[in-house]
1. Are there strands (runs of 3 or more DSSP E) fully within segment B:26-98 with at least 2 residues that are out of contact with any helix residue (DSSP H, G or I) (no Cβ under 9 Å at 6 or more places or on another chain), within 12 Å of another protein chain (Cβ to nearest Cβ) and not acidic (Asp, Glu)? List them.
2. Looking only at segment B:50-75, count every residue that is closer than 18 Å to B:LEU16 by Cα, in contact with a Phe, Trp or Tyr (Cβ under 6 Å, 6 or more places away or on another chain) and touching a residue at least 24 places away in the same chain (Cβ under 8 Å) and tell me the total.
3. Could you please let me know if A:VAL510 is in contact (Cβ under 8 Å) with a residue 40 or more places away in the chain, farther than 23 Å from A:HIS291 by Cβ and not acidic (Asp, Glu)?
4. Kindly provide the set of residues from segment A:253-281 that are open to solvent by 20 Å² or more (accessible area, probe 1.4 Å), outside any loop (DSSP other than H, G, I, E, B), touching a Leu at 6+ places or on another chain (Cβ under 9 Å) and closer than 15 Å to A:ALA305 by Cα, ordered by number.
5. Report, by residue number, each residue of segment A:156-186 that is touching a residue at least 40 places away in the same chain (Cβ under 8 Å) and assigned to a helix (DSSP H, G or I).
6. Report whether or not A:PHE464 is open to solvent by less than 80 Å² (accessible area, probe 1.4 Å), of a type outside the set (Gly, Ala, Ser) and in contact with a Cys (Cβ under 7 Å, 6 or more places away or on another chain).
Amino acid sequence: MWEGGGRGGVCVCVGSEVYTQCDHPWSLLKGEGAGGAGRQRPICSSHSLAAHSERSRDRHKSRSKDSRSEKSVTINTPPAEPLLGDSAVRGEQVQDDNWGETTTAVTGTSEHSLSQEDIVRITKDLEDSVGLDCRRYFTRTLAVILGLLVFLTPLAFLVLPHLLWPEKLQSCGTACEGLFISVAFKLLILLLAVWALFFRPARAGLPRVFVFRALLAVLVLLFVVSYWLFYGVRILDSQDENYQGIVQYAVSLVDALLFIHYLAIVLLELRQLQPCFSVCVTRSTDGETRHYNLGQLSIQRAALAIIEHYYCDFPVHNPALLSASKSRAAKHLAGLKVYNVDGLAHSQSRAMIAAAARRRDTSHNELYYEEAEHERRVRKRKARLVVAVEEAFTHIKRMQEEEQKKAPGDVMDPREAAQAIFPSMARALQKYLRTTKQQHCHSMESIQQHLAFCITNNMTPKAFLESYLTPGPTLQYSRDHWLARQWTLISEASVTSGLKDGSIFLLKCVDFSLVVTSKKIPYIQMSEEYIDPKSHKFVLRLQSETSV
Amino acid sequence: MQEVVLLLTNFGFYSLKQQRIEIQKLRQGNNLILGFSIGGGIDQDPGQNPFSEDKTDKGIYVTRITPGGPADVAGLMMGDKIMQVNGWDMTMVTHDKARKRLTKKNEDVVRLLVTRKSLEEAVKQSMGGFPRP
């Protein structure tokens with residue numbers, strides 16, 4: 001069912017070479033090169049002979065057109081021919097691949113190959129995760145111990161007198177028993193509240209301790225310890241018989257704990273809700289900027305909020321788009337050779353600046369025409385893509401319930417339907433992705449999955465294409481694209497200090513960094529002015545002419 | 001008598017000449033007419049005055065001259081700004097007040113001090129080099 005597939009629809013990829021740059025298994029596939037471009041292939045052609053002869057023609061053509069930089073010129077040979085060492089892999093490494101035209105099978109080496117980058121990342125992750133986990137477990141156990149202490153204390157206060165001096169104890173009257181109910185319910189409320197506020201899955205591991213939580217923990221600990229001291233000295237030692245007083249003491253402890261919980265809510269949750277600062281976040285590689293409003297937070301918490309916004313708002317980081325400006329910069333530097341005659345230290349850079357200023361440089365011209373050309377090319381490819389996808393979508397139809405019972409033949413589930421129509425649009429889509437340099441963001445598997453998803457949910461071709469036409473936020477893509485879950489906060493001020501007007505810090509990740517500057521939202525002085533509704537009066541504009 | 005004020009505006013090089021014009025009123029039936037129409041006044045909209053170059057000028061302007069009437073004969077021209085009528089100031093009056101000052105029944109003659117925009121004069125004078133006294 002593949003367009004131009006191999007013998008009788010069996011797809012095999014031969015002549016493999018391990019490419020260590022790409023992570024995707026299907027990146028090892030090779031297919032028709034530039035020679036096949038521009039030729040309309042019939043959809044779902046399953047006749048191998050016709051396809052094969054077409055391929056041999058293309059092979060010749062592709063050899064002559066290998067000067068096009070973005071296409072690889074490799075040949076997919078059917079199994080009868082010998083493994084070729086001369087399969088023409090010209091020029092640069094394949095960044096992209098011809099899955100639009102070829103097969104689906106994968107050789108053994110591809111699944112287990114790792115690129116150098118992957119290895120670095122994995123080792124880094126391993127090193128850091130051990131340290132972080134220790135700290136996380138440590139804080140968790142501390143929190144659990146404190147919680148248990150807090151909950152068991154009132155119960156202990158109530159139970160201990162019965163255990164230690166049961167004979168001397170006064171019996172519990174009505175009011176006292178009523179207080180038991182109150183203690184029970186307050187403890188239940190406290191339990192639920194603490195669970196809601198504190199026992200949530202941790203979102204992140206921050207570099208320094210969370211100051212407010214630590215303060216609250218210390219406060220609670222001191223509080224409970226002081227209550228125990230008092231209890232120990234005045235009640236246990238003297239073996240007080242007034243049980244009602246003891247119960248009231250326990251109730252006051254629980255009340256105070258509830259108030260401390262209220263304090264915790266205000267400090268941890270409510271204080272930073274009101275926006276106080278406007279932060280400007282800029283990505284260092286391509287200048288994408290967004291502005292967010294944050295409340296009064298410490299720098300590390302603000303950084304956490306910004307990273308979460310980053311994953312949702314910023315378009316995915318695409319290093320392929322930066323290569324053009326880098327090559328331009330290289331060209332600028334390469335044009336001049338400087339000879340140091342006098343032996344002075346900074347004369348070299350000054351000489352270069354002076355020469356660059358004087359040189360009549362036409363690179364702006366090239367840039368302008370190149371960009372216009374690129375724009376035109378993208379639009380053309382997009383038009384072809386839209387047409388191909390729309391046509392592909394017309395080939396399948398959702399079957400109604402009644403029809404399902406009547407015609408059981410050739411019924412497909414969404415995944416099979418997606419695989420059926422995918423070949424007809426695959427080439428156009430691949431070419432478009434190559435032109436916009438997004439080909440590494442989307443693997444064939446993910447495209448087919450997305451197609452099946454769109455078919456299942458009755459989406460139109462336009463809805464299907466939307467995720468390929470514009471780069472979406474990072475979270476939309478596969479896990480590979482957010483390998484950077486290790487962020488480094490670089491700040492001159494201490495990271496537990498609060499955000500201030502004009503504070504600047506950096507969030508560095510492996511490929512780029514986010515530069516964050518904050519500005520205080522100004523104090524707004526508003527005054528009122530009362531307008532009487534009856535004071536709206538109008539006159540006609542007069543322009544009279546009188547003859548005298 | 002003629003004072004020339006050279007004015008540079010956006011649109012040209014105008015000069016403002018002040019002139020004194022004496023009009024004899026003509027009796028027509030029960031009325032004494034002067035033969036022109038006025039527009040403007042402090043209670044009017046100055047933006048709609050086609051004759052003023054400063055659209056906030058609320059002075060009294062001559063908007064129409066009856067051909068052959070007393071004003072025409074006396075040399076009053078359309079677009080003149082009336083500064084004084086018989087010694088009374090007309091730069092800050094309402095439209096109705098201006099009308100009344102011009103149509104007093106017991107006066108036969110009105111002596112007007114008007115300001116006139118004149119482009120040709122300025123060009124001639126700048127080419128001539130010296131303002132004419």
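The values are calculated or read from the model by the stated rules, or taken from the named source; none is laboratory data. Because the structure is predicted, anything quoted here is derived from the model rather than measured. Positions of Cβ are generated from backbone atoms using ideal geometry, with glycine treated the same way; all protein chains shown enter the neighbour counts. These accessible areas exclude ligands, DNA and RNA; they are computed on the full protein's heavy atoms, side chains included. Shrake-Rupley method; radii C 1.70, N 1.55, O 1.52, S 1.80 Å.
1. Values: elements: B:26-28, B:31-33, B:36-39, B:60-65, B:81-85.
In segment B:26-98, the matching strands (runs of 3 or more DSSP E) lie at B:31-33, B:60-65.
2. Taking segment B:50-75 as the starting set, the residues that turn out to be closer than 18 Å to B:LEU16 by Cα are B:50-63, B:75.
With the extra rule that they be in contact with a Phe, Trp or Tyr (Cβ under 6 Å, 6 or more places away or on another chain), the set shrinks to B:51, B:61-62.
If we keep only those that are touching a residue at least 24 places away in the same chain (Cβ under 8 Å) too, we end up with B:51, B:62.
Residues that pass the stated criteria total 2.
3. Numbers: in contact (Cβ under 8 Å) with a residue 40 or more places away in the chain: yes; farther than 23 Å from A:HIS291 by Cβ: yes; not acidic (Asp, Glu): yes.
Here the answer is yes, as A:VAL510 does meet what is asked.
4. A:GLU269, A:SER278
5. Kept after step one, since they are touching a residue at least 40 places away in the same chain (Cβ under 8 Å), are these residues of segment A:156-186: A:157-158, A:160-161, A:164-165, A:168-173, A:175-176, A:179-180, A:182-183, A:186.
Passing the criteria: A:PHE157, A:LEU158, A:LEU160, A:PRO161, A:LEU164, A:ALA175, A:CYS176, A:LEU179, A:PHE180, A:SER182, A:VAL183, A:LYS186.
6. Numbers: open to solvent by less than 80 Å² (accessible area, probe 1.4 Å): yes; of a type outside the set (Gly, Ala, Ser): yes; in contact with a Cys (Cβ under 7 Å, 6 or more places away or on another chain): yes.
So A:PHE464 fits the description; yes.
Condition check ((1) surrounded by 17 or more Cβ atoms within 10 Å (Cβ to Cβ); (2) in contact with a Cys (Cβ under 9 Å, 6 or more places away or on another chain); (3) outside the structural domain of A:ARG384 (by the TED database); (4) assigned to a helix (DSSP H, G or I)) across all residues:
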site: A:ARG415; (1), (2), (3), (4): no, no, no, yes
site: A:ALA428; (1), (2), (3), (4): yes, no, no, yes
site: A:LEU433; (1), (2), (3), (4): yes, yes, no, yes
site: A:GLN438; (1), (2), (3), (4): yes, no, no, no
site: A:HIS442; (1), (2), (3), (4): yes, no, no, no
site: A:SER446; (1), (2), (3), (4): no, no, no, yes
site: A:LEU451; (1), (2), (3), (4): yes, no, no, yes
site: A:ILE455; (1), (2), (3), (4): yes, no, no, yes
